[in-house]
Every structure is written in structure tokens, then in C-alpha cells.
Amino acid sequence: MEKQKKQSQFKEVWRRLKKSKPAMFGLIVLSLLILTALFAEQIIPYKKALEMNAAIRLKPPSLEHIFGTDAYGRDLFARVLHGGRRSLLIGFGATAGALFFGWIIASIVSYYGTRVDNLLMRLMDIIAAVPMTLMALAVVSALGPTLQNLIIAIAFARIPTFARIIRSSMLSVVDAEYIEAAHAGGAGALRIILKHITPNVSGTMIVQTTMATAQLILIAASLSFLGLGVQLPTPEWGALLSEAREFMRTTPLLMVFPGIFMVLTSLSLNLLGDGLRDALDPKLKS
Amino acid sequence: MWKYVIKRLLLIIPILLGVTILIFFVMELSPGDPASTILGAGATQEAIDMLNKELGYDRPMLTRLGSYIANVFLKGDFGNSYRSRLPVIDSIVVSIPISLRVAFFAITFAAVVGIPIGVLSAVKQYSLLDTIPTVTSLFLSALPGFWLGMMLLYLFALKLGILPSYGVETWKGFILPTISLGLPYAAQEMRFTRSSMLETIRSDYVRTARAKGAAERRVIWRHALKNALLPVITVTGTIFAAMLGGAVVTESLYSIPGLGSLLVTSIKIKDTPTVMGCTFVLAAMCSLVLLVVDLLYAVVDPRIKAKYSK
Amino acid sequence: MNEYLLEVEDLKIDYQTDLETVHAVNGISFTLEKGQTFGIVGETGAGKTTTALALLRLLPERTGKLRQGTIRFDGKDLLKQSLHDMQSLRGKRMAMIFQDPMTSLNPVMRVEDQIAEALMLHNTDGKGKAEIMARTDEVLELVGILPERKRDYPHQFSGGMKQRVVIAMALACEPELLIADEPTTALDVTIQAQVLSMIRELRDRLGMSMIMITHDLGIIAQTCDKVAVMYAGEFVESGTLEDIFTGEEHHPYTQGLFGSIPNLAVKTDRLNPIGGMVPDPTKLPEGCYFSPRCPHCMDICRQVHPQDVKRGTHTIKCHLFSEVTHG
């Protein structure tokens, strides 16, 4: 019975989402981007992204190299595609991590109440006192600039925001009596959190996830741009942009292509997020 | 009212204390020790051990933490740079004004551009004056600030040559950083102002004003606007704090010698004391900004003012 | 001088969104004389507030569509007035008070300024600031608010006091018509009576006509001369106070309303709500809108929309009383 209810709820949300053209545009573009990231190797092999060839440096787009070549003669298209793979991986990975831990903290805090709330949320306040980019910067500088560390650092910086928002959502859904009633029914903490509280805030979580992903991809790119994230020659959109900087005067396309992909990714995530927000709670729509 | 101000000011201290401890522990995660970094690759183990002892690095972690906190909070002493062996605080103090200037110009730009357009867009909802800004702001908020910066640099500095490509020696040097840092945030301001204004226009007291016979213009200016702008104050503060973080990349791009550049450089050369100092100062600046915004809000909104006057 | 202060004929109002059309008001007519109080009683969603907003032409611009009908105030066709002229009327000759005092007042404007604004907007004879402020004080006194509180902000007042401020704003220019949309519903029960009696007193003192919108039959009994029972955007029954309260024949919905009032004198085990639900205004039923819930429903009720049956001042829109079915 509950499964059926969930299915029809899902269908209803999907129906509402389909109505929004921008949101569908976002969904389609995002899906395409994810697909190209997943199948990057099949579309154009990774070795092309690393293969240097001094003879064909900084060439404009041609049939063989559809985005042209970079300062080392590497195929730009391959670098942008595989760079995207990394950027998206970091973005989604960090978001997943921040979401998970943020959700745990929010759950603990809204279930166990005041004392735990004060303690944990103060901790969140402290981490949040450092601007996100800086926090990620500090952590990755301490751990060392590898892809995994980048994900950890960025996720860490984002946990407080997730915790706050999910907590606030949970608190509006939960009240002591509701939990007591579930307790009286014999449910344990985890069960209550999973079956009763979380489903009610899933809407918020989903919308936040899309917004956060866009934000975190940007932070990852910023860090790589500074040379403190993904290290060259490994491709990543921010790293590609830092390479492009040197050759702006002669070959602006080096920065245009990665940038366009970044904008498309952000845009589609934001459009999808906006659409999801409206679809999940149409009453909020103006 | 003053009680509230003082209370809020005091609340910052534990937060900053927490930030110091947090940064300390994060930095502890990094491999290596100060002496190795300072003396470099060729140094002997003996020399390293001696220098470490001199720097107090051989003490247990908690002792070092306590001593660091005491130095920072009581003396404003962040230690000495591993590179220059000079006090970190000096290089920080020199960099602060420049960073502040960049961030300040950027937030002013964002507010001055974003807020009025947001109001206009809300008042003229469904018309072109609404659709164009809404769509534009959607694109602008998806733009990475530093990419926008690069494109602007290319166009205005390299191709047209009318603006400098690096540094902020002249006022012209501030234009590109302000726009590239401010424009994406201007889009955010615009969207938030618009939604706040739309919500206010739909509220009951606006309907009451119309029922009293007020003309639409008066309804917007006298009733809706002030109420709608109150939450915008808070958001602007939050954006400013976020900007302080984003400015790091902008400074790098335009070779502006501010805190951000200092931070990035010290990370690259593993100058931990400077990294810690810069991070702390930037976090402190953010907290102060948010505090000021909170207080400002309390002054402006009679409901909050009353709450804290008791 | 016209016979009627307010004349409404065959008013039909829809809310039109991209997705659907909500038929909020479906052909109502009534008249109001000077000094009379007309009560509109019905459940939530019956269309009462929409009617009230329409009188002041305050329907939401994009979605509120007045499909047909006329509204005449003191002989003037309100639907033909320019916006500027409507604005001169609003607050000055026709005033409205709304249901929720918590949200009806501008939170960042002092109470005295909000009342003074009502006066300044209609200051056609060039009163000076001092005069206006003096009048503001008068009005505040009228509603029982102490003068030292006039520079306070709305949040500093309790619910009942806030509503008094709302009433003060509405009555500042001594309007001829006051539209009161559930003025006491949002207040504590103990305060309701106070505010209501104040409204009645002021009405008598100023000789105002009033439209009282409520779901509470008790309030109707205490304040109104004429009553209409509204259901699904129609007046299913209307008449004088006596017609509605002591008359013998009633629309089944009216019977249901009266029947659902718990009787303190008789011991009962259960309440008597009216079975079923209010119809979906986007999909009104064929025939009589009340037919799905009516205990006396006949075949014709499901097919033919009932017409008004007049018995003197008492009108009932129901097939039970129509000559056609009863011969």
C-alpha cells in the first residue's frame, strides 16, 4: 500500500516536472553530459587527452581535432571530455559525501533534541565560519592535491550547509509527540529516522543536491585552476582553464570550450533544481 | 538593544576559537614538519631536529595548540613564515586593505545592479522587463566567476587594450575584478530580491493598502519595498561572506596582491603558519560581516529591534 | 439619491489559471439599502471572500475574471469606473476589513501612520498634518486604543487589538459601506464578542451599511437585517433575518447548517455534520450543485439547475419548492 502511494507520488512529481520546459531542458542536457562523462573512453580514448605532439600545438578546430589542440599538441576535445568526467565525478562525489554526513548529523540532532543539537550545530557553525572555497582549500592543502582528497575536502566544507538545511526541514516535520507515538509503536531510532522523518524531507534533499552539485563542481574547478586541486596534466575543467590562461592571446578557444561545458553543467543543474523545487511543492510557486 | 550587540559580539569569540582549533587540526593532517620545509631537501637530520626543537615542534600536539591559541588571541601572533622567517601578521596586515577593497567594490556592484533590477522585475512580472532579467540572471549565475574574468580579460585587456590585465595600481585595474567577481553574485541578488518582492506584493497588508485606496505606486514604494528589502539585507551579507572566499580566485587571476594571493602562494610553498593565519583572518572577516549584517537588520526591522530591547 | 446604496446583479466570477478555471461565484444578486446590514453565510470556499473583493475591484489582476454582472454603488456602475476613481472610493466611501489581523497590517509601519494614511489618501479638503493626526487620535479612541500606543508597531499588539486597528483604518473616513470578511474568526473566542459588539456600535453610530461575511450563524443573528446563504458560488437561500431563522421552509443546505449546530439542551452522542464534501469549483456538478449531498435529492435535481423560488422576501433556490415539480 505504501509502495503504491510512493509510486503515484513519484508519478505526480514527474508529471509536474515535465510541464516545465526549462527543467526538462536542464534534465536532458545534464543527462547528455553525464552520458558523455560515463562513456568518455568510448567516445574518444583517454590517451588522446595525454598524447603530446609538438608539431600540432595550438591548432584551431579541424576534422581530426574537433576542438583544436592545446599548447602541447594534445587533443582539446579529449581533454574537455575526460576533464568533464573528472569534474563531474568530483562534483557528484563531494555532494554525495556532504549529503550523507549532513543527513546523519541532521537526523541525530532532530531526533535527540536540544543538548545534542547545541553541540553539533555549534560545530557546524564553526566549520561554516570559514567560507567554503577556503575551507576546501585548507583541507586539500593539508592532505595533498589528489582527486580523492579534493572530494573529501570539498565535501567537508559543504557538510554544515546540508546539515542546517536538512535539520531545519526535519524540525518542521517532526515533533516530540510524533516521535513518541512511533516509539510507543515499538520503533527504534534508526527506523523512525529512515521511515518516518527522512521521506518527508526528501524533497528538500533532492533540490539541495542539484544546487550543491553545481556549486561544488565550481569549487573543484576553482581549486584546480589555482593549481591546488587536480594536478596537470590530468584534465579537469578548472585545470584546463589554468592552462588556457597562458595562451589566451593567441588561442582563446582553449578557455572557451571548457568554460562552455562548465556553464552548461551549472545551468542544467540549476534549471533542474528549480524545476524540481516547483514540482515537489507546487504550493510554493508564485 | 546594546545588550544584544554585546552578546552577539561575545558569541563570535568562541566561534573564532573553534575556527582556530579546526584550522590547527586540519593542518596537523599534512605530512612533514616545519624544519624539513624550512631547511629544504639537503638538510641533515640533526639540523632538522634542532630547528624543530627550537620552533617548539617537539612538544605534544595539545600543548602546541594551546600555545598557538594563546599567541593568536592574546598577542595577535600567528608565528613566523617558514619562508621569510618574518611575522605572518605583517604580511597579512599589508594584504587586508587590498582584498577588502576588491570585495567591497564587488558587493557594491552586485547590490547596486542586482537589487533594483530584482525590484523592477517583480513589479513588472510577466512582462519583458521580467523575462529578460530572469533569463539573463539564470545564465549569469551559472557562469564561473573566473571564467567570466578570463573572457573579460581577453576582450578588454588583450583585444581592446582599454583595461589593464593585471594588478590594481590604478582605478581602472579594479573594473575587471569587480565585474568578474560581482556579476554572478549580482544575478543571485536579483533573483532573491525578485522573489522577496513578489512574496511581499502578495501579502495581506499590501491588499489592505489597496483597499484603503492607495494607488499602486504608493503600494509598491511605501508598503512593499521596505518589507521586501529586509531579508535582502541578510542575503547581501551572506553573499559578501561568500565573496571573500571567491575573491581568492579573482585575486589569483588578476595578480592582485591581497590575502587570497598570499594564501595561495603560501599553500604552494607549504608555509603553514601563513596559511593558517590567512585562513583565520578571512574566517574572522566573514564572521564580522555576518555580525554587522545581523545588527543592521535588528536596527532596521522593528520586530527584531523590539525583541532585543527588552 | 438612489434607492439602494449597493446593487449587485447576476455576478459571475472565475479564477483563470493556465491549468484550470475555478468557478468561484456563479450568478448572485442582491441589494443593500442605507443603514442595512447584509449577511453572507457559508462554508469556506463558498465564494464569499471573492464576492467581497469584487465589490472593491480587488480581485487578483491576472487570474480574477469577472465574467458578467453589474455592481452599482450609489447609482454608479463600479465596473465602468477608472482605476483612479475606484481608488477614491476605496477606503473613503467603501471600506473593507479582512479576516486575519496578524497579516493585515504593515509590520514596519507605525499604527498611527497606517491610520493617518487612510486619511491622507482621501484628504480632498486639504487638511493639515496636525488636523489629520488629531483625527487619527479620535479614531483610535473610537476603537478603544490608548493614545500612548499610537506610535507602536503592529507586532506589539495582541490579536484583538490589531483587529481594532484594522477597523480604525477602515472607519477613519466614515465610509457609507463597510465590508467585513470574517472579522472575528481569527480571534480568541473571548475577544470575538468584544470586537463584534464594537463593530455593531460603530455601525450604529456612523449609520453605515454593512456586509457581514461569516460562517457563524450566531454572528448573523446578532448583526444582520438580511441574510444570504452561499454555497458553491450561489445564494441558495436569501431573505430577512426572520425568514432565515424562523421561517418554515428552508433549502436543505440551510437545514444542514442549522442542524449541525450542537444543541446544549439536548444530550446527543454524535455531531450532525452535513455529509459529503463541498464540490470542486473547477468541476461543478450537473444540475443542482448541492445534489450530491442533499438528503432530499430527486432525479430532477441531478439534471436541471434549480431556479429561484420567491416567497415574498424569502427566496430559495431548490426544486423542492418549485411550482414546476409540485404543480
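Could you give me D for the range B:21-135, from Stokes-Einstein at 37 °C and 0.692 mPa s, where the hydrodynamic radius is the Kirkwood radius over C-alpha pairs? Units µm² s⁻¹, please. Provide the component values of the computation, followed by the final result.
Values: Rh = 18.7 Å.
In µm²/s, the coefficient is 176.
Quick one: what are the phi-derived ³J(HN,Hα) couplings along the range A:84-89, Karplus 6.51/-1.76/1.60 with θ = phi - 60°, whole Hz, x for glycine and proline?
x, 3, 5, 4, 5, 4
Just tell me how shielded B:12-24 is by partners: mean number of partner chain Cβ atoms within 10 Å of each residue's Cβ, no decimals. Can you show the working numbers first?
Values: counts 1, 0, 3, 5, 2, 1, 6, 7, 1, 1, 8, 6, 0.
That average works out to 3.
Give me the compactness ratio for the range A:185-227, meaning the Cα radius of gyration over 2.2 N^0.38 Å.
Values: Rg = 17.1 Å, N = 43, 2.2 N^0.38 = 9.2 Å.
Ratio of Cα Rg to 2.2 N^0.38 Å: 1.86.
Which helices count as membrane-span-like in chain C under these terms: full DSSP H, at least 27 Å along the axis by C-alpha, Kyte-Doolittle mean of -0.5 or more?
Working: long enough: none.
Helix filter hits for chain C: none.
Report, as a whole number in µm² per second, the diffusion coefficient that Stokes-Einstein gives for the range C:1-138 at 10 °C and 1.306 mPa s using the Kirkwood radius over alpha carbon pairs. Each step should come with its number before you reach the end.
Working: Rh = 17.1 Å.
Translational diffusion coefficient: 93 µm²/s.
Among the trypsin sites (Lys or Arg not before Pro) within the range A:4-101, which fall in a DSSP loop and have no more than 16 other Cβ atoms within 10 Å of their own Cβ?
Numbers: sites: A:K5, A:K6, A:K11, A:R15, A:R16, A:K18, A:K19, A:K47, A:K48, A:R57, A:R74, A:R79, A:R85, A:R86; in loops: A:R57, A:R74.
Answer in residue order: A:R57.
By how many nm would the segment from B:F73 to B:L100 lengthen if fully extended, with 0.36 nm per residue of separation less the alpha-carbon distance?
Values: separation 27, 0.36 × 27 = 9.72 nm, distance 2.20 nm.
So the extension gain works out to 7.5 nm.
Provide a whole-number value for the mean count of partner chain Cβ atoms within 10 Å of the Cβ atoms in peptide B:213-223.
On the way: counts 16, 7, 4, 3, 0, 3, 0, 0, 0, 4, 5.
Other-chain Cβ atoms within 10 Å of each residue's Cβ, averaged: 4.
Computed over the Cα atoms of the range B:95-308, what is the ratio Rg over Rh, Rh following Kirkwood? Intermediate results must be reported in sequence, preceding the final value.
Details: Rg = 19.9 Å, Rh = 18.9 Å.
Here Rg/Rh amounts to 1.06.
Going by accessible area, probe 1.4 Å, with all protein chains left in place, what is the ranking of A:T234, B:T279, largest first? Could you put the intermediate results ahead of the total?
On the way: A:T234 45, B:T279 5 Å².
Final ranking, largest accessible area leading: A:T234, B:T279.
I'd like the mean, over residues of A:250-263, of how many other protein chain beta carbons sit within 10 Å of each residue's own Cβ.
Working: counts 1, 0, 6, 0, 1, 6, 4, 0, 2, 7, 1, 0, 4, 7.
Mean shielding by partner chains, rounded to a whole number: 3.
Based on the inverse mean of 1/r over its pairs of different Cα atoms, what is the Kirkwood hydrodynamic radius of the range B:73-139, in Å?
Working: mean 1/r = 0.0642 Å⁻¹.
In the range B:73-139 this quantity evaluates to 15.6 Å.
On a 0 to 90 degree scale, rounded to 10, what angle separates helix B:225-253 from the longest Cα axis of chain B?
30
Say the cut-off is 18 Å between C-alpha atoms; which of C:K80/C:K226; A:K19/B:K124; C:K129/C:K162; A:K6/C:K283; C:K65/C:K92; B:K212/C:K92 go over it? Don't skip to the end; give the middle numbers.
Working: C:K80/C:K226 27 Å; A:K19/B:K124 24 Å; C:K129/C:K162 24 Å; A:K6/C:K283 27 Å; C:K65/C:K92 25 Å; B:K212/C:K92 8 Å.
In this structure, C:K80/C:K226; A:K19/B:K124; C:K129/C:K162; A:K6/C:K283; C:K65/C:K92 lie more than 18 Å apart at Cα.
Tell me, which residues of the range A:222-238 get at least 50 Å² less accessible area when the other protein chains come in, versus the chain alone (1.4 Å probe)?
At a threshold of 50 Å² (probe 1.4 Å), the residues of the range A:222-238 that become less exposed are A:F225, A:L226, A:L228.
Cα atoms only, the protein assembly as shown: Rg and Dmax in Å?
Gyration radius and largest Cα-Cα distance of the protein assembly as shown: 34.3, 120 Å.
How much solvent-accessible surface does A:K59 expose, in Å² to the nearest 10, with a 1.4 Å probe and all protein chains in place?
In the full protein context, A:K59 sits at about 100 Å².
If R₀ is 60 angstrom, what is the calculated FRET efficiency for the pair A:K21 and B:L160, using the beta carbon separation as r and rounding to 0.05?
Details: r = 37 Å, r/R0 = 0.62.
After rounding to 0.05, the efficiency reads 0.95.
If you filter the range C:38-140 for trypsin sites (Lys or Arg not before Pro), then keep DSSP loop positions with at most 12 other Cβ within 10 Å, what is left?
On the way: sites: C:K48, C:R57, C:R62, C:K65, C:R67, C:R72, C:K76, C:K80, C:R90, C:K92, C:R93, C:R110, C:K127, C:K129, C:R135; in loops: C:R57, C:R62, C:K92, C:R93, C:R110, C:K127.
Here the sparse-neighbourhood loop sites are C:R62.
Roughly how much accessible area, to the nearest 100 Å², goes out of reach of solvent when B and C pair up, both sides summed, probe 1.4 Å? All intermediate terms of the calculation are to be shown ahead of the outcome.
Working: alone 17390 and 16470 Å², together 31670 Å².
For chain B against chain C, roughly 2200 Å² becomes buried.
Let me know the Kirkwood hydrodynamic radius for chain C, please, with Cα pairs as the basis and the value in Å to one decimal.
Details: mean 1/r = 0.0473 Å⁻¹.
For chain C, inverting the mean 1/r across all distinct Cα pairs yields 21.1 Å.
Where the centroid of each part is defined by its Cα atoms, how far is the range C:235-296 from the range B:45-63 in Å?
Centre-to-centre distance over Cα atoms comes out at 89 Å.
Given C-alpha coordinates of the range B:2-75, what is the ratio Rg to Rh with the Kirkwood estimate of Rh? Mind showing how you got there, number by number?
On the way: Rg = 17.0 Å, Rh = 14.5 Å.
Using Cα coordinates only, the ratio equals 1.17.
Taking all pairs of distinct Cα atoms, average 1/r, flip it, and tell me the Kirkwood hydrodynamic radius of the range B:86-220 in Å to one decimal place.
Working: mean 1/r = 0.0580 Å⁻¹.
Evaluated on the range B:86-220, it is 17.2 Å.
Rounded to the nearest 5, what % of the DSSP beta bridges within the protein assembly as shown are antiparallel ones? Intermediate values should be presented prior to the final figure.
Values: 33 of 52 bridges.
Here the antiparallel bridges make up roughly 65 percent for the protein assembly as shown.
Relative to the longest principal Cα axis of chain B, at what angle does helix B:45-54 sit, 0 to 90 degrees, rounded to 10?
Between helix and principal axis, roughly 60 degrees.
Once you wrap a convex hull around the alpha carbon atoms of chain A, what is its projected area averaged over all directions, in nm²?
So the Cα hull casts an average projection of 18.1 nm².
If the viscosity is 1.306 mPa s and the temperature 10 °C, what Stokes-Einstein diffusion coefficient in µm²/s follows for the range A:64-211 when Rh is the Kirkwood radius over Cα pairs?
Details: Rh = 17.4 Å.
After rounding, the answer is 91 µm²/s.
Let a ≥ b ≥ c be the square roots of the eigenvalues of the Cα gyration tensor of the range C:55-194; is it rounded (a/c under 1.5), or, if not, prolate (a/b larger than b/c) or oblate? Walk me through the numbers before you get to the answer.
Numbers: a/c = 2.09, a/b = 1.34, b/c = 1.56.
Since a/c reaches 1.5 but b/c is at least a/b, the shape of the range C:55-194 is classed as oblate.
Roughly how far apart, in whole Å, are the Cα centres of the range C:13-69 and the range A:71-125?
Taking the Cα centre of the range A:71-125 as reference, the centre of the range C:13-69 is 51 Å away.
Restricted to Cα positions, what overall size does the range A:1-49 have along the principal axes? Three whole-Å values, descending.
Here the spans come out as 52, 27, 9 Å, largest first.
Between C:D18 and B:R85, what is the label-to-label distance in nm when each label sits 7 Å out along the Cα-to-Cβ direction?
About 7.0 nm separates the two model spin labels.
Filter the chymotrypsin sites (Phe, Trp or Tyr not before Pro) in the range B:176-239 down to the DSSP loop ones having no more than 14 other Cβ atoms within 10 Å, then list what survives.
Working: sites: B:Y185, B:F192, B:Y205, B:W221; in loops: none.
Passing sites in the range B:176-239 do not exist.
Taking the Cα atoms only, what angle lies between the long axis of helix B:2-28 and the longest principal axis of chain B, rounded to 10 degrees?
Roughly 40 degrees, rounded to the nearest 10.
Given a cut-off of under 8 Å on Cα pairs at least six residues apart, what relative contact order in percent is computed for chain A?
Values: 392 pairs, mean separation 74.2, N = 286.
With pairs under 8 Å counted, the relative contact order is 26 percent.
The values are calculated or read from the model by the stated rules, or taken from the named source; none is laboratory data. Everything numeric here is computed off the predicted structure, so don't read it as measured data. Note: ideal-geometry Cβ built from the backbone for every residue, glycine included; neighbour counts use all protein chains shown. What goes into the accessible areas is simple: the full protein's heavy atoms, side chains included, and nothing from ligands, DNA or RNA. Shrake-Rupley method; radii C 1.70, N 1.55, O 1.52, S 1.80 Å.
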